[in-house]
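Participant: Let me begin by handing over the structure; questions about it come next.
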Amino acid sequence: VFFTFSLGTRVHYFGRTILHGGAKYRATGRGFVVRHEKFAENYRLYSRSHFVKGLELMVLLICYKIYGSAASGAVSYALLSFSMWFLVLSWLFAPFLLNPSGFEWQKIVEDWEDWSKWISCRGGIGVPSVKSWESWWEEEQEHLRHTGFMGCLVEIILSIRFFIYQYGIVYHLNMTTSIRQGIRQSIVVYCLSWLVIVAVLIILKIVSMGRMKFSADFQLMFRLVKLVMFVGSIVTIAMLFYFLDLTIGDIFQSILAFVPTGWALLQISQACRTVVKGIGMWGSVKALARGYEYMMGVLLFAPITILAWFPFVSEFQTRLLFNQAFSRGLQIQRILAGSKMQA
């Protein structure tokens with residue numbers, strides 16, 4: 001598990017250096033560790049290099065199960081995708097499995113409070129990345145500010161894969177099947193899906209502007225605006241159910257399609273930072289990015305919290321990390337460190 005995880009570090013930074021330059025030493029592993037690392041620290045270290053890629057692969061594996069024809073049964077699917085699921089689980093949960101006291105309930109509560117405080121804290125001049133999500137988010141985009149035109153162009157081209165993926169999911173919706181008669185109609189439905197995305201972005205922009213202008217002095221008006229948008233969304237969904245045969249399954253599949261599309265829009269906006277700031281949309285991009293970070297944090301934290309409910313999980317992890325071989329290696333490491341200092 002540790003070897004697979006360390007390969008993810010190499011892959012990420014090799015790829016980033018090839019595209020944008022800026023080669024430097026990157027640590028791929030840790031020595032003997034007996035101190036508990038907080039969830040926020042693990043998130044800062046491995047979010048872009050492992051967690052994002054692991055979630056993307058997980059979504060693709062889910063789509064392969066839903067739409068794939070090569071693995072019709074559960075056994076064949078498990079045999080075909082076992083190695084990829086092992087890669088996904090290693091990239092997503094290895095830092096927490098190898099983190100001492102990672103499944104102790106009190107540590108879990110403290111980690112959640114620390115992470116919530118970190119992600120909600122505003123950045124600014126002099127605010128370090130360990131104290132604020134905004135400062136960390138700006139640091140994670142530093143390579144894009146120092147790259148050239150080709151580096152930004154390649155980032156945009158790579159993000160287009162999410163749009164192709166969105167078309168594939170939308171093409172298989174029940175409402176699409178009921179009205180599709182050819183490639184022209186399927187493209188029309190794909191364009192309609194983009195109208196949904198644009199509508200969601202406009203709603204987010206209105207809420208963001210309303211929160212800044214009305215939330216302090218005109219709370220009633222701000223709540224009325226949110227109520228109108230909520231009722232409008234419900235009416236729109238009801239009309240889709242009635243006129244276009246929308247189903248509950250279509251809603252879940254749409255979420256599966258639109259979430260990666262929103263991430264692609266974020267990546268393109270970061271690559272075109274100057275243009276986005278020029279049209280006054282950078283605040284909305286930052287708000288959308290914070291929402292995605294919060295969602296990823298919850299997805300990672302939920303399984304850890306569930307496992308922490310069972311005391312035997314923490315005991316198993318302690319025996320796994322602090323067994324005799326580990327203790328022997330730790331003592332040898334201390335002896336070697338002492339001899340080097342004396343030399």
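Participant: Which residues, counting only those in the stretch 112-130, are open to solvent by 10 Å² or more (accessible area, probe 1.4 Å) and at pLDDT 90 or above?
Facilitator: Start the filter on the stretch 112-130 by keeping residues that are open to solvent by 10 Å² or more (accessible area, probe 1.4 Å), which leaves 112-114, 116-117, 120-130.
Residues satisfying the conditions are Trp112, Glu113, Asp114, Ser116, Lys117.
Yes/no matrix, rows are residues, columns are (1) in the same structural domain as Gly262 (by the TED database); (2) touching a residue at least 12 places away in the same chain (Cβ under 8 Å); (3) touching an Asp or Glu at 6+ places or on another chain (Cβ under 8 Å):
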position: Ser6; (1), (2), (3): no, yes, no
position: Tyr13; (1), (2), (3): no, yes, no
position: Leu45; (1), (2), (3): no, yes, no
position: Ala70; (1), (2), (3): no, no, no
position: Ser76; (1), (2), (3): no, no, no
position: Ser81; (1), (2), (3): no, yes, no
position: Pro95; (1), (2), (3): no, yes, yes
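Participant: Report yes if some residue within the stretch 29-41 is in contact (Cβ under 8 Å) with a residue 60 or more places away in the chain and on the phi > 0 side of the Ramachandran plot; otherwise report no.
Facilitator: No, the stretch 29-41 has no match at all.
Participant: Just to verify a result, which residue in the stretch 303-325, among those that are modelled with pLDDT of 80 or more and aliphatic (A, V, I, L, M), is farthest from the chain's Cα centre (by Cα)?
Facilitator: Per the criteria, the residue is Val313.
Participant: Looking only at the stretch 262-282, which residues are outside any helix (DSSP H, G or I), on the phi < 0 side of the Ramachandran plot and loosely packed, with under 15 Cβ neighbours inside 10 Å? Before you say what the answer is, go through the steps one by one.
Facilitator: Of the stretch 262-282, the ones outside any helix (DSSP H, G or I) are 272, 279-281.
Right, trim to on the phi < 0 side of the Ramachandran plot and you get 272, 279, 281.
The one that is outside any helix (DSSP H, G or I), on the phi < 0 side of the Ramachandran plot and loosely packed, with under 15 Cβ neighbours inside 10 Å: Ile279.
Participant: Follow-up. Name the helices (runs of 4 or more DSSP H) wholly inside the stretch 1-111 in which the number of residues that are open to solvent by 50 Å² or more (accessible area, probe 1.4 Å) is 3 or more.
Facilitator: On the way: elements: 2-20, 39-46, 52-67, 74-97.
So the answer is 2-20, 52-67, 74-97.
Participant: Are any of the residues in the stretch 222-232 within 26 Å of Cys191 (Cα to Cα), open to solvent by 50 Å² or more (accessible area, probe 1.4 Å) and either modelled with pLDDT of 85 or more or under 27 Å from the mean Cα position of the chain (by Cα) (or both)? Lay out the reasoning, then the answer.
Facilitator: Our first condition is that a residue be within 26 Å of Cys191 (Cα to Cα); within the stretch 222-232, this holds for 228-232.
From what is left, the residues that are open to solvent by 50 Å² or more (accessible area, probe 1.4 Å) are 228, 230-231.
Adding the requirement that they be either modelled with pLDDT of 85 or more or under 27 Å from the mean Cα position of the chain (by Cα) (or both) leaves 230.
For the stretch 222-232, residues within 26 Å of Cys191 (Cα to Cα), open to solvent by 50 Å² or more (accessible area, probe 1.4 Å) and either modelled with pLDDT of 85 or more or under 27 Å from the mean Cα position of the chain (by Cα) (or both): present.
Participant: Only residues in the stretch 114-143 that are in contact (Cβ under 8 Å) with a residue 40 or more places away in the chain count as the first member; pair them with residues that are β-branched (Val, Ile, Thr) and open to solvent by less than 10 Å² (accessible area, probe 1.4 Å), Cβ under 8 angstrom, at least 6 apart or cross-chain, and list the lot.
Facilitator: Once the first residue is in contact (Cβ under 8 Å) with a residue 40 or more places away in the chain and sits in the stretch 114-143, its partners that are β-branched (Val, Ile, Thr) and open to solvent by less than 10 Å² (accessible area, probe 1.4 Å) give Trp133/Ile119.
The values are calculated or read from the model by the stated rules, or taken from the named source; none is laboratory data. Model, not experiment: these values are computed from the prediction. Cβ coordinates were reconstructed from backbone atoms using ideal geometry, including for glycine residues, and neighbour counts include every protein chain displayed. In case anyone asks, the SASA skips ligands and DNA or RNA and just uses the protein heavy atoms, side chains included. Shrake-Rupley method; radii C 1.70, N 1.55, O 1.52, S 1.80 Å.
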